[in-house]
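Chemist: The following block contains the structure, expressed as structure tokens.
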Amino acid sequence: METAQEEFQIRVYLKTELAQLYAPHLDPEAALRKMRKWIHRNPDLYRELYAGTEGKNEQAYSKRQVAIIVRYLEAPRLHAFFILNILYIKNRI
């Protein structure tokens, strides 16, 4: 059985595209704001993410950046699964 991280492909992603994989219940801009908060709240992630040649104002994350994000936040599908389960549980109570 494949894990979520094995299913997730490390490639170039538009920032909104990757953000929505982590927060599929939000619209693209809200998902991007949430992801930026996660990045800013983790100084090690932030430092490593922007230590390369990529700029903060790029519209996409490079393969290197995506690999770093996945290392810190886990694969998006796994993360989204937990969020959806929490939302499901909250709505049942």
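Coordinate-derived values only; no laboratory data. All values derive from a computational prediction rather than experimental measurement. Cβ atoms come from the backbone with ideal geometry, glycine included; neighbour counts cover every protein chain shown.
Chemist: Which peptide among 28-35, 57-64 comes first, and what is the full order, when sorted by highest mean count of other Cβ atoms within 10 Å?
Modeler: Result, highest mean first: 28-35, 57-64.
Chemist: Quick one: if the Förster radius is 30 Å, what FRET efficiency do His25 and Thr53 give, using the C-beta to C-beta distance and rounding to 0.05?
Modeler: 0.35
Chemist: Given 0.36 nm per residue, what is the gain on full extension from Lys63 to Asp44 after removing their alpha carbon distance, in nm?
Modeler: Residue separation times 0.36 nm, minus the Cα-Cα distance, leaves 5.0 nm.
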